[in-house]
Each structure stands twice: as structure tokens, then as C-alpha cells.
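**Q** Quick one: the structure is below, and I'll ask about it shortly.
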Amino acid sequence: MKVNRYALKRNMTGYLFIAPQLLFFLVFLVYPIFEGIRLSLFKISYQGTTFVGFDNYTALFSNPVFVKSVINTVVFVVAIVALTVLFAIFVSSAIFDKNAKYVSFIRGSYYIPVMVSMVVMSMIWGFLLNPANGLIPYVMRELELPAVNFLGNKDLVLPVIIFVTFATNVGQAIILYIASMIGVPKELFEAAEIDGANRKDVIFKILIPLVKPTTLYIIIINIIAVLKIFVVIQLLTGGGPNNASTTLMYFLYNNAFKYNQLGIASAVGVIMFVIALLLAIPQLRTMLRKE
Amino acid sequence: MLRKRLFVVLGFALILFILGACSDEGSSSEGTTDSSDSDSSKDKVELSLWLTPQWKGVLDSDEEGADYDSFFNHAAEKFAAQYEEYDVEIDVEVIAADQRDEMLNVNLNGGTPPDIFYESVFAMGDYAHRGALVPLNDIVDEEAKGDIASNYWDTVTFGDDVYFYPYSHMPGTLVYNADMFKAAGLEDYVGGEEEIKTWTLDEFDTVLNTLKEDVPTDKYSNAYPMGLYALNTQGDTWNLAYLRMFGNPFFDDNGNIVLNDENGAEAAAWMKDINDSGLTNPGAESVSSNDVNAMFQNQQLGISFTNSVLYNNTIADMESGNAPEFDARLANIPSESGDPLTFTYVTGAAVFDTGDETRIKVSKDFVKFFSSDPELVKSSKNGVPVRTSVAEEFKDENPFFAAYDENAQYMFSFTGNVPGYSELRQVLYPELQALYTGEKTPEQVVEDYQTKGNEVIESSRADSVIYSE
């Protein structure tokens, strides 16, 4: 094959510029993926590693806690992403064309929780919801309302975590939607107004279709973020009660760092990677095709 | 052209720098032996020592600037000053107890375990089974064997080898708010200030019910008779003790769990019952032992759990004004037979197999030094000394030493020295959560715990270095 020396020389500077980033990408992202896949086929102990084929995967699928964690993760992804998109569209479409100061105020209000560390947020929610000495159960007791353990009831614990995560994350989506909606050409709204379109028509027929790329982006980043949901579980419920709120990431963490089952943990990592890939590919394809 | 070449050169320099930084990582990290020290003729050895919070201060918690690492920093200085073979520097790091396994597993898998770990033996036994610790037989001499009773050596021996050098122990008991008892009219049930009170199970039920009904709410608002928790593994030894209340032996002679019988189910039913009757803090399934301890210190609980060090720290917090002051006294965990249920955490240092013979040798020398130096062993009085000589010396200063000694006859081994104990702990609290939320009956809980627990023990036994020997 004939090498175009001139082109190579001309592009060399560019390649060198991206080389450090590429190196980091290969070492810290690509290599761990392949290493994770390799480790998932081994049983690892302090004394050595033994090849076990797909035994780790077989063990996982026969483990009811793993199955529960898959179901919980899917519930979290669907509920949190849907809530985030719907609520962010609702808030953004209601305010994007209002007074700039008002828009900034709303945007800032929703964004503050995003800036606060998830650890701090979880601790605050823990303080509010702790059944023994939390504020909300205390107020409920004082008002002689029935005692409800928000973190210890297996039917309530998922909605509580969904709400806490949604409330913490929605600001990001609102910021993106408002920016995107402000960028929609004004002529379209004026034309719609002349044609007699009402606010509902403007939102559903102009605004939402035109901010579709933003919607896709928000869906992808939220799916990936929620798949990795961990801190709130670790700090609020510890996966309980009786594993009712355990997630894939929490299950992975327990196996890797508490039970020292690195092979099993790697298998969970591989499964999470595949799920994320499967969920993200259709969205990415739509986005890339449009562009 | 010049600029282009400059970019090329800078680009290469950056890559070389990154590669250089990566390859240097191993050689510049802590914990290596280094002979290039210009200040001393001795070779330098850097060791890392980790511990979970034990006692504050060198000898007493009321020393100025007393903290959890004070004793080991002091011991390290003293050791370095007298050690002739190497110039030793010991980096002391305090690790949160609930982060212990995470930290150790990450560092073991990364090939950077600490040289020494000071902790309760029960929490570290798995690392001996996994082959991560080195035996300490060669640093245990006849003097130590004579001064430390044989039951402590049994606790730290796995197979034929000693893996921990016993230093002190922490008997676990209950602690109660004597002021709250008196306010509820329970004067007859209050023990002496220097006594570990033993109640029968019937008396205990009376105490709980009276506290529920008669504690004046104007003085103790939002207070509950007893602390109960099952959020995670923290403080699970008390839960294990409650499960033995009706006479279940917990382990059989082969080291398998045998909780699934009438006595085990009755104990689980008792725990469920006190929870449902409002005799404990609400929501035990999502409350941690830390929460319970904080509630006791804030006078929101009549009875809570404690061990000798935690009790001393509670009293110290009251005296220093960090916590409200009240009369906190000790009591035993009752049982149906009338005999108290007692257990103890033997604490001591273990040495990790870092693969560096020099560091292992110096680590062992340091462990032997602080565990046998006549001055340094006095600090074991912050728990209960394992050395008879130290216990004798301080028995007048700490009258509880005699009470703990009297309790020793009722002691049970809560780990059964089984392999996989760390993972076994992870099986208990989800079952207790299922019990408290009503998801499972007491009978189902003891049956499921026994099945899952024995699976853990069986698979850990297969992987145990000690059993394979």
C-alpha cells in the first residue's frame, strides 16, 4: 500500500494533539472493558485465578438478588428518565419565552440540587426520612398520622429513591431544554400565531419536534447515569429492605469490594455494559442520522 | 515551520511524560525499602499501619489532642528510636470500620495491602483464610503465652498458626440510662455503678414495657425503650446474641449454622415482637447501629448496645460536654435460661503478606514491640487488657475489669471461627429486614439464614488456605 507521505506529514500534528487524550481513552476506557470481559471468565482469589468459562454468568442468573437488581435498575431507568424528560419539557416550555430574569431564576432554582453533591443530598434525605429520628416521621408522629417507614417499606422504597434521584437530576435537563427552546427560530412561533395555533399546538407541534435532538441527548445521558445509580442506594437504604432497592451497580460494588468476588463483579459489569450499549445504540443512530 | 516542529516536540514530550509517570508509579510508592537515605547509615523502611477507631489518646482519652491514631503514632516513634536494624517510619491511618473490607479488598487486589492492621480479630479472620496474612508464631514467646490466657490465643489461632497478636479485648454488653429508669419508676431494676446488671428475660420484658408506658414525655420526648437496628452489618453481634436468647447454639461442632430449630425461631419471633409492640425505636430495618448509639447519647433510648471501648468513649463524650450528661450503666444481654449472654471482641495486630521480606520482618518486630513493651501494653486498659499483669495493675482504677472477668464464664464465640465470616455477615441483615417488615415469618427467616449462611461457609471453606493445608 502506498503511503501518502505528504498527507501523513500534514496530519501528524493533529494526531499528536489528540494522542494524549487517545492514550488516556485507550488505557482508562478501552483496556478496562476488555480486562473486565476477561476477568468475568475467571474465579479470582488472593492465591490466584482459575478459568471458569461462563460459570460466573450462570451463577448470576440463578441468584435471586441479581435478578431483583436487574428489575430494579430497569424500573429506575424507565421511571427516572421518563419523569425527567416529561417534567423538564413541562417546566421549560412553560417559561422559555418569559422575561429573561424570571427564566434565570427558575433555571437557577432547579439547577442548585444538581450542583450539590449526591452524597450531601442523600444525607439530607436520610435525615428527613430516618424512621427513628428523622424529621418527616417525627412530624407525622406529632400529627398522629400513621407511621410510615419510607425507607423500610418495600413498596415505598423504590418510589422514594426515584423521587430523590429525579429531584436531584432534573435541573440539568431543564437547562438543556431551555437553551434549546430559546434557539428555536421566532418566525415559526409568529407564523403559528398568525395561523391561530394555541399554546398547546405550539408546544406539541413546534417546540417538542424541534428540540428532539436535545430530548435524545437527555435520554441517553440519563439512561447511562441511572444505570450506574449507587450513592443514593448506599447511603439511604443499603439496598434494603431485604434487597428490595438493590441495583446492578450496588450489587457489583458488594461483590467486588465486600465479598471479594471479582469474577462475579466483572460479569455484572459486562452485563451492564451490554445493557447500556443496547439502550444507547438506537438513540445514537437516530441522532447521527439526523445530523 | 518552527512552530509546527515545536508542537511536534511538545507532543512527544507530553507522551513521554505520561508514560514515564505511569512506569514510575511502582517504584515511588510508599512502603518500600530504600538504602539511599543520606541522614542515616541505616536502611530506611517505610511501613503503613491501618486501624479502625479503637480508643482515643495514648493512655487516656482525656489527653490533649487525643485521637484514634495517638497511641500508634507514639508507639511508632518509640519503636523507631530504639530499633537498631533499620531507620523505620510508620504511617498510621484510621479507617472507618464499615469501609474496612472495601479498602482492604481494593488494596489487596491492587497489590498494595497495608503492612499492619489493628482490628478486632473476628473481622479479619477471613484474610487469614485467604492467605493474605503471615503467621506470627515466631514473635510469640513464652512470656507472652504465660501472661495472656489461652482462650485469647485460641481466638487468634487459625489452623495451627497464630495470625493476630492479642492486645486487648472489648466485651459486648447492653448499656442503659439509669436516670430514665428511675424516672419511669424502675429503681429496683437499676444495678450498681460498677456492676454489670443481669436481668432475667421476664424482668427485661417488664423493663421494656414500663419504659414504654411510664417514661415522662416532658423530660424524654420522642424516646423509646430499646435500640434495635438491621440496616447493615454494623453491630450485628448483638443481633446474633439475641438469636441465641432461647438456647440455640448457632453453630454445630462442624462449624455449620444450626439456627433453624424451635429455639432459633422463638428468638426471631421475640425480636419481631418487641419491634411490633413499640418497645424499640421504629423502623429497625432501616436504622443503623450508629443511629441507635446517637439516639442513646441523646437520651432517646432507655437501653442500647455497647462494648467496653464504646462505653468509655460515651462517658468521655459526656464529661467533655460533647454529649448530654446522664447516668449510663451496663447490663448483660438476658437469656431464657437466666444466664447472661456475653461475647468479646479480641483486638490485635495482623501482618499482611506484602511479599517484601524486610517489611514483613520489621512489621512483626513492631507488632511484638507495642504488644509487649511494659509501658505500651498499659494502653490496653482502654479496652480490657488481655494481659493478666496489666489487668491486675489497673483493676483498682477500672472496677469493671472484675465484672467482665466474672462474665467470662458465660462467653460464647460468635464467629465460630468459620471461614467466610465477612460474607456471612452480609446474609444476616437482609433476613432481619424481611423479619421486621413482615415479608417473612420468624420460621422462614431462620430457615433461609441457615441455608444461605451454610452455602457461604461451604464455598469459603473450599477456598480457605488453612483448610486446604
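**Q** Those residues that are surrounded by fewer than 20 Cβ atoms within 10 Å (Cβ to Cβ) and either farther than 23 Å from residue B:164 by Cβ or not hydroxyl-bearing (Ser, Thr, Tyr) (or both), I need them from segment B:380-399; list them, please.
**A** Listed by number, the residues that qualify are B:392, B:393, B:394, B:395, B:396, B:397, B:398, B:399.
**Q** A further question on this structure: Suppose we filter B:363, B:308 for residues that are touching a residue at least 12 places away in the same chain (Cβ under 8 Å), of a type outside the set (Lys, Arg), crowded, with 20+ Cβ neighbours inside 10 Å and under 30 Å from residue B:410 (Cα atoms); which single one remains?
**A** Checking each option against the conditions leaves just B:308.
**Q** Here's another thing I want to ask about it. Quick one: what pairs do we get from segment B:415-432, first residue within 11 Å of another protein chain (Cβ to nearest Cβ) and over 12 Å from residue B:123 (Cβ atoms), second in a loop (DSSP other than H, G, I, E, B) and among the small types (Gly, Ala, Ser), C-beta under 6 Å, 6+ apart or different chains?
**A** B:429/B:230; B:432/B:230
**Q** Something else now. I need the full set of residues from segment A:1-18 which are β-branched (Val, Ile, Thr) and either loosely packed, with under 11 Cβ neighbours inside 10 Å or closer than 30 Å to residue A:266 by Cβ (or both), in order please.
**A** Those that are β-branched (Val, Ile, Thr) and either loosely packed, with under 11 Cβ neighbours inside 10 Å or closer than 30 Å to residue A:266 by Cβ (or both): A:3, A:18.
**Q** Which condition breaks for residue A:136 when tested against (1) free of Cβ contacts under 8 Å to residues at least 24 places away in the same chain; (2) exposed (fewer than 14 other Cβ atoms within 10 Å of the Cβ)?
**A** That leaves (2) as the condition not met.
**Q** Hey, another quick one. Looking only at helices (runs of 4 or more DSSP H) that lie completely in segment A:134-253, which have at least 1 residues being away from chain B (no Cβ under 12 Å)?
**A** Qualifying helices (runs of 4 or more DSSP H): A:157-182, A:186-194, A:212-227, A:248-253.
**Q** Condition check: at pLDDT below 95, outside the structural domain of residue B:46 (by TED's automatic domain parsing), at positive phi and of a type in the set (Gly, Ala, Ser). Does residue B:321 satisfy that?
**A** Yes; evaluated as a whole, the condition is true for this residue.
**Q** Now a separate question. Considering only segment A:19-67, state which residues are within 11 Å of chain B (Cβ to nearest Cβ), surrounded by 15 or more Cβ atoms within 10 Å (Cβ to Cβ) and over 29 Å from the mean Cα position of the chain (by Cα).
**A** Answer for segment A:19-67, where residues must be within 11 Å of chain B (Cβ to nearest Cβ), surrounded by 15 or more Cβ atoms within 10 Å (Cβ to Cβ) and over 29 Å from the mean Cα position of the chain (by Cα): A:19, A:43, A:44, A:45, A:46.
**Q** Here is a list of conditions, (1) touching a helix residue (DSSP H, G or I) at 6+ places or on another chain (Cβ under 6 Å); (2) over 15 Å from residue A:261 (Cα atoms); (3) part of a helix (DSSP H, G or I), and residue B:430 meets all of them except one; can you say which number that is?
**A** Every listed condition holds for residue B:430 apart from (1).
**Q** For residue A:257, work out the one condition from (1) modelled with pLDDT under 90; (2) assigned to a loop (DSSP other than H, G, I, E, B) it doesn't fulfil.
**A** Unmet for residue A:257, out of (1) modelled with pLDDT under 90; (2) assigned to a loop (DSSP other than H, G, I, E, B): (2).
**Q** Looking at A:17, A:87, A:105, A:25, which is the one that is among the hydrophobic types (A, V, I, L, M, F, W, C), more than 29 Å from residue B:104 (Cβ to Cβ), part of a helix (DSSP H, G or I) and in contact (Cβ under 8 Å) with a residue 12 or more places away in the chain?
**A** Result of the check over A:17, A:87, A:105, A:25: A:87.
**Q** Taking the stated definitions as given, is residue A:278 of a type outside the set (D, E, K, R), more than 14 Å from the chain's Cα centre (by Cα), crowded, with 18+ Cβ neighbours inside 10 Å and assigned to a helix (DSSP H, G or I)?
**A** So residue A:278 does not fit the description; no.
**Q** Does residue B:336 satisfy the criteria of being surrounded by fewer than 22 Cβ atoms within 10 Å (Cβ to Cβ) and over 30 Å from residue B:255 (Cβ atoms)?
**A** Spelling it out, it is not the case that residue B:336 is surrounded by fewer than 22 Cβ atoms within 10 Å (Cβ to Cβ) and over 30 Å from residue B:255 (Cβ atoms).
**Q** Follow-up. Given the structure, is residue B:218 modelled with pLDDT under 95, outside the structural domain of residue B:381 (by TED's automatic domain parsing), acidic (Asp, Glu) and surrounded by fewer than 17 Cβ atoms within 10 Å (Cβ to Cβ)?
**A** yes
**Q** For the subset of segment B:147-204 comprising residues that are out of contact with any Asp or Glu (no Cβ under 9 Å at 6 or more places or on another chain) and of a type in the set (Gly, Ala, Ser), which member is surrounded by the fewest Cβ atoms within 10 Å (Cβ to Cβ)?
**A** B:150
**Q** Would you list the helices (runs of 4 or more DSSP H) that sit entirely within segment B:40-147 and hold 1 or more residues that are more than 19 Å from the chain's Cα centre (by Cα) and not assigned by TED's automatic domain parsing to the domain that holds residue B:315?
**A** B:70-82, B:100-109, B:142-147
**Q** Report, by residue number, each residue of segment B:108-118 that is within 11 Å of chain A (Cβ to nearest Cβ) and farther than 20 Å from residue B:362 by Cα.
**A** Listed by number, the list holds a single entry, B:109.
**Q** Which residue pairs have Cβ atoms under 6 Å apart, sit 6 or more places apart or on different chains, and have a first residue in segment A:261-279 that is polar (S, T, N, Q) and a second that is outside any helix (DSSP H, G or I)?
**A** A:266/A:40
**Q** Here are some conditions: (1) within 11 Å of chain A (Cβ to nearest Cβ); (2) in contact with a His (Cβ under 8 Å, 6 or more places away or on another chain); (3) not β-branched (Val, Ile, Thr). Residue B:467 meets all but one. Which one does it not meet?
**A** (1)
**Q** Could you please give the count of residues in segment B:54-95 that are modelled with pLDDT under 90 and either closer than 30 Å to residue A:254 by Cβ or within 14 Å of chain A (Cβ to nearest Cβ) (or both)?
**A** Looking only at that region, the number is 1.
**Q** In segment B:436-455, what residues are more than 9 Å from chain A (Cβ to nearest Cβ) and not polar (S, T, N, Q)?
**A** Matches in segment B:436-455: B:438, B:442, B:443, B:445, B:446, B:447, B:448, B:449, B:452, B:453, B:455.
**Q** Could you give every pair whose Cβ atoms fall below 8 Å, whose first residue belongs to segment B:247-269 and is within 19 Å of residue B:200 (Cα to Cα), and whose second residue is among the acidic types (Asp, Glu) and assigned to a loop (DSSP other than H, G, I, E, B), counting only separations of at least 6 or pairs across chains?
**A** Taking only residues 6 or more apart or on different chains, the pairs are B:247/B:336; B:248/B:261.
**Q** Go through segment B:266-306 and give me each residue that's more than 12 Å from chain A (Cβ to nearest Cβ) and in a helix (DSSP H, G or I).
**A** B:266, B:267, B:268, B:269, B:270, B:271, B:272, B:273, B:274
**Q** For segment B:214-235, which positions are assigned to a loop (DSSP other than H, G, I, E, B), among the aliphatic types (A, V, I, L, M) and either closer than 18 Å to residue B:288 by Cα or within 10 Å of chain A (Cβ to nearest Cβ) (or both)?
**A** B:223, B:228, B:230, B:231
**Q** Kindly indicate whether residue B:377 is at pLDDT 90 or above, more than 22 Å from the chain's Cα centre (by Cα), buried (at least 19 other Cβ atoms within 10 Å of the Cβ) and farther than 29 Å from residue B:180 by Cβ.
**A** No; evaluated as a whole, the condition is false for this residue.
The values are calculated or read from the model by the stated rules, or taken from the named source; none is laboratory data. Given the structure is predicted, the values throughout are model-derived calculations rather than measurements. We place every Cβ from the backbone using ideal geometry, glycine too, and count neighbours over all the protein chains shown.
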